[in-house]
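Since the structure comes first, as structure tokens, the remarks are kept for the end.
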Amino acid sequence: MMRILVLAAVLAVATVAPASGARWSVNHARSHLGFVVQWSGQPFIATFKVWNATIDFDPADLAHAKVTATIDLGSEASAIPDDDDGLKGTEGFAVGQFPTAHFETTSFTAKGANNYVARGQLSLHGVTRQIDLPFVLTFSGDTVHMTGKTTVLRTDYRLGQGEWASPATIAHEVTITVDLTATKVR
């Protein structure tokens, strides 16, 4: 009888407590998060200098994988500082009111050959929308390299007001780019 009770307790805990995937620590010196948008017919390329991510990911256990990232929008930088200042202002990111963006995964799908899709919620400028982020992983021992990109519409997030509202100057399509290196936490 005691064995049955112990087995029942173990099974109850196993079904309630989620398995945890491997925890990864981002190497910020070797990682980049940014975006590209067509601006006056030319690609405007920017990166975010300050962001953090919590990554629990095991390709063998995608059901329990989870990633959350917070991006400091005021840390945006490009080769054109005057445009950066405008982008952070009230017609752009409005960093005084919305200082951060947040991404949190809701699921992962394996697509084969180290290709995956992360589905999650992107919160930006007071708006939350579901996005899919296709990415590729390359493992090397306890290090992983991830590259991915997805396209969102800036107008879905109420970005680009006033003179920036028209796609004639700044395209509505914005490509978010991720190039991340992380090490497994032991």
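For the reader, a short list of remarks on this structure follows.
- Helical content of the chain, expressed as a calculated mean residue ellipticity at 222 nm, amounts to -4000 deg cm²/dmol (DSSP H runs of 4 or more residues, -39,500 (n - 2.57) each, divided by residue number, nearest 500).
- Extension gain, Arg119-Val185: 0.36 nm per intervening residue step, less the Cα-Cα distance, totals 21.4 nm.
- Label positions at Ala168 and Thr68, each projected 7 Å from the Cα along the C-beta direction, are separated by 4.4 nm.
- On Cα atoms only, tilt of 2-16 relative to the major axis of the chain in degrees: 10
- Taking all pairs of distinct alpha-carbon atoms in the stretch 118-184, Kirkwood radius in angstrom: 13.8
- Ordering of 120-126, 25-31, 149-155 by packing [mean C-beta count within 10 Å, highest first]: 120-126, 149-155, 25-31
- In order through the stretch 102-113: 3J(HN,Hα) via Karplus (6.51 cos²θ - 1.76 cosθ + 1.60), integer Hz, x for Gly, Pro: 9, 10, 9, 6, 10, 6, 10, 10, 7, 10, x, 6
- The GluC sites (Glu not before Pro) of the stretch 67-155 that meet both conditions, a loop assignment by DSSP and at most 15 other Cβ atoms within 10 Å of the site Cβ, are Glu91.
- Estimated at 0.36 nm per residue, the fully extended path between Thr177 and Lys111 surpasses their Cα-Cα distance by 21.8 nm.
Values quoted throughout were computed directly from the atomic coordinates according to the rules given, and no laboratory measurement underlies them. Worth saying up front: this structure is predicted, and the values here are computed from it rather than measured. Reconstructed Cβ throughout: ideal geometry from the backbone, glycine too, with neighbour counts over all protein chains shown.
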